[in-house]
1. When the residues of the stretch B:211-249 are narrowed to those that are within 11 Å of chain A (Cβ to nearest Cβ) and polar (S, T, N, Q), which ends up surrounded by the fewest Cβ atoms within 10 Å (Cβ to Cβ)?
2. Given the conditions (1) at pLDDT below 95; (2) facing another protein chain (nearest Cβ under 9 Å); (3) out of contact with any helix residue (DSSP H, G or I) (no Cβ under 6 Å at 6 or more places or on another chain), and given that A:Leu274 satisfies all but one, which numbered condition is not satisfied?
3. Regarding the stretch B:251-272, can at least one residue be identified that is over 16 Å from A:Ser341 (Cβ atoms), out of contact with any Ser or Thr (no Cβ under 6 Å at 6 or more places or on another chain) and acidic (Asp, Glu)?
4. Please determine whether any residue of the stretch B:228-242 is part of a strand (DSSP E or B), closer than 26 Å to A:Phe345 by Cα and β-branched (Val, Ile, Thr).
5. Can we say B:Ser180 is away from chain A (no Cβ under 14 Å), touching a Ser or Thr at 6+ places or on another chain (Cβ under 8 Å) and either among the small types (Gly, Ala, Ser) or surrounded by fewer than 19 Cβ atoms within 10 Å (Cβ to Cβ) (or both)?
6. Given the structure, is B:Arg213 under 19 Å from B:Arg286 (Cβ atoms) and either of a type in the set (Lys, Arg) or modelled with pLDDT under 85 (or both)?
7. Out of the stretch A:65-97, which residues are part of a helix (DSSP H, G or I), under 20 Å from A:Gly381 (Cβ atoms) and without any contact (Cβ under 8 Å) to a residue 60 or more places away in the chain?
8. Name the one entry in B:Ala187, B:Ala174 that is surrounded by fewer than 16 Cβ atoms within 10 Å (Cβ to Cβ) and without any contact (Cβ under 8 Å) to a residue 60 or more places away in the chain.
Amino acid sequence: VSGLEQLLATKEVVVFCGSGGVGKTSAAASAALGASCRLGGKVLVLTIDPAKRLASALGLEGIGNRAVQVRPEILKAAGVEPRGELWAAMLDTKQSWDDLVLRHAKDEETAYKILDNRLYHNLTSRFVQSHDYIAMERLYEIHATGEYDLIVIDTPPTRNAIDFLEAPARMADFFSSRLLRWLTLPYRVGGKRGTRVLSVASKPFYQIADRILGSAFLEDIAEFFLNFQSMYDGFVARSKAVERLLHDRRTTFTVVTTLEAAPLHEAERFCKELIARKFHLGALVLNKTLPDYLLSPEGAAAATELVDHAGPIAAELASLDNPALADPARTARVLRTIGDSYRNFSVVALRESELRSELAHTPDVIARVPTLEADIGDLDGLVEIGRWLFAD
Amino acid sequence: VSAQQADLLDRRLLFFTGKGGVGKSTVAAATALLAARVGRRVLLVEVDAKGDIPAQFERAPVGFAPKEIHPGVLAMAMDTEQSLQEYLRLNLRVPVLGRVGPLARALDFVASAAPGVKEILTIGKICWEVRESIEGRADFDMVVVDAAATGHIVAQLGAPEGIRDLVDVGPVRAQTQWLSEILEDPAITAVNVVTTPEEMPVAETIELVQRIRTETSVPLGSVIVNRVLPELFTTADEETFAALTEPHVNERLRQRAGSGSTAVIDGARLAVALRRTRAQHLEELRNAVDLPLMYLPYLFVRDHGLRVTRMVADELGEELGL
């Protein structure tokens, strides 16, 4: 049993994280596919922003927040025999926020007041890390339904991979902030729209804010927050529950990275942070690595030989009675080219291997997935990644 | 080389955006280095302050105040809080807020909660520096921005317009006017998108170019394709290579160059396959985007630091015909 298989067998939630462009989404989808085949049960992959081809391969096009089952026929066509069920869902940020508001607003009227506010759209689409929070919130909600044996989620691309870990706490902070109360107080006391009662403390703030933003805009903001604040209790309780789930023993994190300096540095920092914050760091996936044969001394020797003695070797090959090798000049050029290309790639492979050996703070399970010749855009690709993810 | 490419360095304000991980900071740094080589003084603005920009010049992270990190290249890290304080001090004559504790916190709170405020503080500071340089009050004559990634850049570029939609009166509304004049002038500003010839970066580039066109009035510059793998063979060479992989030919090679010949052949096959999938994405990009494309080769030797910044600047200079 491979390390990753054991990990997936004992956990209910696996969060895939890492910097952008490292292949998080494919790795998460592949792990979910592998789990459904090897372990069985009902497995969901919740993905944030899949590439078009991957989304359509999973049958996810235009389905919004709804989970769909990946049809067993397509899995069989890709040569895998699922023991369980593989389900997939995408995150629709706007829809998820709307659902959240509808759930927590004190009544329907308030909910629609919020949903119609012109600031609301801006806020939910642009609010600092709103993606982060809503992704974790959806994860919690799906987990709470008890419908799946395993949920694999890939995280939104953030500037810092750690941001989303703090999102629930930040959200709770935001709503319980004394500052927010203080800001909306003049309007709460003033009662109806257009009146506000300023205290001695808040007066200088409003004088400046009026000058910068105009009082009408400020009033819009206040009204919006007043309504939003009515969701306070539900919201705070909820974000605490989300945080509890992330810390739960049944949840584990898998960090995905390539062996390039920048993403790897970010991954290391992330592993360290996860450990420091007492999250469960389950596995590290080194993705898109170059194959080991690029490191072989024999390969290096042969490459040098081919470059240095391309002429004589080409002349020898010309005697083989193969029309494609009849022109020694051309053959020599090709031999030099492949020798040179090998040396180029082997420098990169050496760098990767050096970076790999310097890794600190790593989890017990480390999976290595080589650069695959084609892009991962279909189930065959996911199956291929899975072969490496689940290798012993 | 098209005219559009050649005058890239003649603009005063260059944004470099793109999907995370494509080498946007490297390309921004290399552009600044190249501009400095041809005698310009450049302010490099790092929007997502991660310290990446100074690292491209082997220097320690910088703060909000511009600092020369290389001859002819100054750098600063964007900080919206300090940008707000500077704005208040310069425009509204509000004293430094540091001492007014709660007031500063309240403003910062509104800045992070109200839509578009952080964006306008970022774009406002950048345009401010551009205007200072136009009016001869700055220590540089060009601003290069290592901008936000594809997910955020449209909100930033569109912030002045967005604010005008939300705020009906007040100095903020008035202030957005000159910002737009700078941002929307093709003689001053160009947004460049950095990508790699891979599926997701190309898809995001195509979508981003579309969005910048429809959602903002900011002029686009070029698309810079980073890490392009070399084409190993011509069609005729490819046949020869195919012959080398045949068993008895391969056996001959092994006798002559050792058992590692197989690894060399495998390596070449991988290189050809990688180049081929990437070529398809490039084709897709060329078909979907009508902007000038510039190509930067994959660098096998190093992957970051001043050495790479120099190499990329050389390549960029060649693409620009300098």
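The values are calculated or read from the model by the stated rules, or taken from the named source; none is laboratory data. Just so you know, these numbers come straight off a predicted model, no measurement behind them. Cβ coordinates were reconstructed from backbone atoms using ideal geometry, including for glycine residues, and neighbour counts include every protein chain displayed.
1. Of everything passing the filter in the stretch B:211-249, B:Thr234 is surrounded by the fewest Cβ atoms within 10 Å (Cβ to Cβ).
2. With (1) at pLDDT below 95; (2) facing another protein chain (nearest Cβ under 9 Å); (3) out of contact with any helix residue (DSSP H, G or I) (no Cβ under 6 Å at 6 or more places or on another chain) applied to A:Leu274, the lone miss is (2).
3. Looking for residues that are over 16 Å from A:Ser341 (Cβ atoms), out of contact with any Ser or Thr (no Cβ under 6 Å at 6 or more places or on another chain) and acidic (Asp, Glu), one finds at least one in the stretch B:251-272, hence yes.
4. yes
5. In short, yes.
6. Taking the combined requirement at face value, the residue satisfies it.
7. A:Pro72, A:Glu73, A:Lys76
8. B:Ala174
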